[in-house]
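A.B. asks: One structure, pasted below without further comment.
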Ligand code: TMP
C-alpha cells in the first residue's frame, strides 16, 4: 500500500488520541508499519508550547498572538524530522492534530486568513477527520479527566473553537482537501468503523 498521511482533529476531549491508536492497531493487524505522532510535537519547540499552554506556568507563558508562529515552527520541524522521513520510508503516518488545529484555535486570536497564510505551504494530509463534539460535552469530558486545564479549556473558548472548526472544514474543502466530520458522540467502536470506511474508500479511489 502507498504511504498515507492521516490527520485526526477535534475539540479537546473528542477522542482523537484514542482513535489514532485504534487506527494504528488496525493497520498493524494488516502488517503495515505506522508512525503515530502528534502536535504539539515532542521536539524542542513542541515541548516549549506544551509548557506554555499550561495556565499555571507563568514563567513560560507565550501570548496568543505569538503562539501561531511557534505552532508553525513546530510543524516545520515535525515535517522535516518525523513525518516526511516516515512517509519516505513507506510508513503510514497518523498525526493527532496538525495545521487544522492552528486554523481553529489560533484563528481566533489572529484571524483565520493569517493562520492560513502561515500554514499554506505545509503538505496537505491525504485524509483528515474532524471528530465533532458539542462544546458542552467537550468541557464535561475535560473536567472528568481531573488534569490541570490548559488555556483553551474554558467553556466559552471551546464554543468559539467548535464554531471555528466549521470554518476550517469549509476552508479545507475549498482547497481540495479530503476532510470528513465524524460524530464524536458515537461509541468509540462506531467512530473507528466510520473512519476505517472513509480510509478504505480513499484507497479504493486512488490505490497508488
Ligand atoms: P493536546 O491536548 O491534544 O495535546 O493539544 C494541546 C492543545 O494545543 C490543544 O488544546 C489544542 C492546542 N493546539 C493549538 O492551539 N494549535 C495547534 O496548532 C495545535 C497542534 C494544538
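Read-outs throughout are calculated quantities, based only on the coordinates presented, and are distinct from any laboratory measurement. Small disclaimer: the values here were computed from a predicted structure and weren't measured. With ideal geometry, Cβ positions are generated from the backbone for all residues, glycine too; neighbour counts draw on all protein chains shown.
A.B. asks: Between residue 61 and residue 174, what FRET efficiency follows from the Cβ-Cβ distance if R0 is 45 Å, with the result rounded to 0.05?
C.D. replies: Taking R0 as 45 Å, the efficiency between residue 61 and residue 174 is 0.80.
A.B. asks: Along Cα→Cβ, 7 Å out, is where each label goes; now give me the distance between the ones at residue 113 and residue 88 in nm to one decimal.
C.D. replies: 3.6 nm
A.B. asks: Could you check what % of the DSSP bridge pairs in region 5-205 are antiparallel, to the nearest 5?
C.D. replies: Values: 1 of 20 bridges.
Within region 5-205, antiparallel bridges account for around 5 percent of the total.
A.B. asks: Above 29 Å lies some portion of the pair distances; for the chain, what is it as a whole percent of all C-alpha pairs?
C.D. replies: 20 percent
A.B. asks: To continue, here is another question. Given springs between every Cα pair under 10 Å in a Gaussian network model of the chain, which of 115, 93, 194 has the largest fluctuation?
C.D. replies: Sorting by GNM fluctuation, first place goes to 194.
A.B. asks: Using a/c under 1.5 as the rounded threshold, could you call region 95-208 rounded, prolate or oblate? The axes a ≥ b ≥ c are square roots of the C-alpha gyration tensor eigenvalues, and prolate needs a/b larger than b/c, oblate otherwise.
C.D. replies: Working: a/c = 2.32, a/b = 1.19, b/c = 1.94.
The shape class here is oblate.
A.B. asks: Also, quick follow-up: Report, in degrees rounded to the nearest 10, the 0 to 90 angle that the Cα long axis of helix 44-53 makes with the longest principal axis of the chain.
C.D. replies: Approximately 50 degrees, to the nearest ten.
A.B. asks: Let me make sure I get this right: for region 51-155, a, b and c are the square roots of the gyration tensor eigenvalues over alpha carbons, sorted descending. Under 1.5 in a/c it's rounded, otherwise prolate if a/b > b/c, else oblate. Which is it?
C.D. replies: Working: a/c = 1.68, a/b = 1.40, b/c = 1.20.
Taking the square roots of the gyration eigenvalues as a ≥ b ≥ c, region 51-155 is prolate.
A.B. asks: I would also like to ask the following. GNM, the chain, Cα, under 10 Å: largest mean-square fluctuation among 158, 193, 133?
C.D. replies: The residue that fluctuates most here is 193.
A.B. asks: Express the relative contact order of the chain as a whole percentage, based on alpha carbon pairs under 8 Å and six or more residues apart in sequence.
C.D. replies: 31 percent
A.B. asks: Please find, in a Gaussian network model of the chain (springs between Cα atoms separated by less than 10 Å), the residue of 116, 29, 170 whose mean-square fluctuation is greatest.
C.D. replies: Greatest mean-square fluctuation among the candidates belongs to 29.
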